[in-house]
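Report on the following structure.
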Amino acid sequence: MAHYYLWTIGCQMNRADSERLAAYLDGMGYKPAASPEAADLVLLNSCVVRQSAEDRVTHQLDCLKAVKEANPKVAIGLTGCLVDSNAAELKQRFPHVDVFFGPQALGNLEEWLSTRGALPEREAPVLAVRFPTAFVPVIQGCDSFCTYCIVPFRRGREKSRPIADIACEVRELVRRGVKEVTLLGQKVDAYGHDLPEKPDLADLLTELNGIDGLVRLRFLTSHPNHMSGRIIEAVASLDKACEHINLPVQAGDDEVLKAMRRGYRVGDYRKLIDRIRSVIPGVALTTDVIVGFPGESDEQFRHTLDLVKEIRFDAVHVAAYSRRPGTWATRHLKDAVRSPIKRDRKRLVEAAQAEIAQGINTRLVGQAVEVLVEGKEKGRWQGRTRTDKLVFFSDPVDRAGQLAQVKIDRAGPWWLEGLAQR
Ligand code: SAM
Ligand code: SF4
């Protein structure tokens, strides 16, 4: 029996790709291994959005040299955003890696395995199932070219999947026990513009909302320029669409937004937030922020911090700007912010957000929330609310995969804790 070991880093898109890869290998008769040493096939799914992620990938690759030396028969594969058209260069850097395939090129792995006589006799269904939740990519790539971002260079142009295709996959996932589906895209709210009939995310959500057995629908990540009134209305009116929108602002200063080439101003973003809050009662809003973009002054950073405090997001993912080779910012903007300043700015946003999130979550104490239970962690059940808040609770009854009503009795900035209601 052949075994595979799959290591993943990066965003939900990478996790979704890994789930597909695992489902594909399971279908071929491979079994998961507990460590690279115990595997016949080791696959690394890489991320290069920030230097820190890339460093972790190269460290893992270096560690695999010893594995290959101890067992020359082990096959090593590299996928994800480190791989584009640079396989020859990568082969020079990592000669112990046997196969390189890009995030959209599972076929290359398949071809390589077939040359080793390891292909399945019948086609394996490539379906990702992470009971009771699943990720479903609906639009690949990105056409935006924000000046700091490497994603469009590695994931290519935007390409949406037809609604019928997605609905078919979601029906199959539900048949296998999935209750919550998260639709994925770098700009998921731009879904459909490249398809012949130009459907939008609202059409897709409406179609999926009609699938019996599906309980919740989510989508990630939205871009402020594409968050239309139709999408906001759809989230408000469709019973399965969860009241949570991740809407990265990236900066709270117009000059910085312009240099990032985000295509909106702070005022536009504020208006959008007001509109979302007025149409979707109880909506949770989360965002991404980059601090220390080249040339960001103390005052410009203050504007970002002030915006975070003003909007009071449910969560903020803060990243220190990381120079990515080939991007416009790396080629043209030389005025780097020093690392200690970036670190301080990151800490300031995180500290402000921790206080805000604690305040928002504390208001839930004493209330009952609906939790979709994903599993058990250290003896306690763990799941998420419709607003994507992490909840822990104890219950001797098996709750896996169920919806539970939980009365919250404690709250932290990143979690809630409570008792299941009967
Ligand atoms: N498409 C989404 C958007 O428009 O915001 C996000 C996709 S990106 C892969 C995920 C997050 O990584 C971004 O929101 C941004 O905050 C962060 N990111 C991307 N490039 C970065 C860079 N060069 N340095 C630091 N953070 C970066
Ligand atoms: Fe990167 Fe901007 Fe595209 Fe998001 S919208 S993936 S930040 S280029």
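The values are calculated or read from the model by the stated rules, or taken from the named source; none is laboratory data. Quantities reported herein were computed from a predicted structural model and do not represent experimental measurements. As a convention, Cβ positions derive from the backbone with ideal geometry for all residues, glycine included, and neighbour counts pool all protein chains shown.
When Val397, Val391, Val373 are checked against the criterion of being free of Cβ contacts under 8 Å to residues at least 40 places away in the same chain, buried (at least 18 other Cβ atoms within 10 Å of the Cβ) and either closer than 29 Å to Leu214 by Cα or out of contact with any Pro (no Cβ under 6 Å at 6 or more places or on another chain) (or both), Val391 stands alone in meeting it. Checking each residue in the stretch 234-289 for being part of a loop (DSSP other than H, G, I, E, B), surrounded by 21 or more Cβ atoms within 10 Å (Cβ to Cβ), within 16 Å of ligand 1 (Cβ to nearest atom) and not β-branched (Val, Ile, Thr) picks out Ala251, Gly252, Asp253, Arg262.
Residues that are within 16 Å of ligand 2 (Cβ to nearest atom), modelled with pLDDT of 95 or more and more than 21 Å from Thr221 (Cβ to Cβ) were ranked within the stretch 293-330; the one that is surrounded by the most Cβ atoms within 10 Å (Cβ to Cβ) is Pro294. Residues that are assigned to a strand (DSSP E or B) and under 15 Å from Pro132 (Cβ atoms) within the stretch 378-397 comprise Trp381, Gln382, Gly383, Arg384, Val391, listed in sequence order.
Given the criterion β-branched (Val, Ile, Thr), surrounded by fewer than 20 Cβ atoms within 10 Å (Cβ to Cβ) and away from ligand 2 (no atom under 16 Å from the Cβ), identify the matching residue among Thr79, Thr115.
Result: Thr115 is the single residue among Thr79, Thr115 that is β-branched (Val, Ile, Thr), surrounded by fewer than 20 Cβ atoms within 10 Å (Cβ to Cβ) and away from ligand 2 (no atom under 16 Å from the Cβ).
When the residues of the stretch 316-338 are filtered to those that are part of a loop (DSSP other than H, G, I, E, B) and more than 10 Å from ligand 1 (Cβ to nearest atom), the one that is nearest to Pro152 (Cα to Cα) is Gly326.
Residue-wise test of (1) in a loop (DSSP other than H, G, I, E, B); (2) within 13 Å of Thr8 (Cβ to Cβ); (3) charged (D, E, K, R).
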site	(1), (2), (3)
Leu43	no, yes, no
Asp55	no, no, yes
His59	no, no, no
Leu64	no, no, no
Val67	no, no, no
Thr79	no, yes, no
Ser85	yes, no, no
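When you scan the stretch 138-172, how many residues do you find that are of a type outside the set (Asp, Glu), within 13 Å of ligand 1 (Cβ to nearest atom) and under 28 Å from Leu214 (Cα atoms)? Residues in the stretch 138-172 being of a type outside the set (Asp, Glu), within 13 Å of ligand 1 (Cβ to nearest atom) and under 28 Å from Leu214 (Cα atoms): 3 in total.
Restricting to the stretch 305-315, name every residue that is within 23 Å of the chain's Cα centre (by Cα) and outside any loop (DSSP other than H, G, I, E, B). Break it down into steps so the answer makes sense when it comes.
Keep residues of the stretch 305-315 that are within 23 Å of the chain's Cα centre (by Cα), which gives 308, 311-315.
Hits for the stretch 305-315 are Val308, Ile311, Ala315.
In the stretch 211-233, the qualifying residues are those that are in a helix (DSSP H, G or I) and either more than 15 Å from ligand 1 (Cβ to nearest atom) or modelled with pLDDT under 95 (or both), and the one that is surrounded by the fewest Cβ atoms within 10 Å (Cβ to Cβ) is Gly229.
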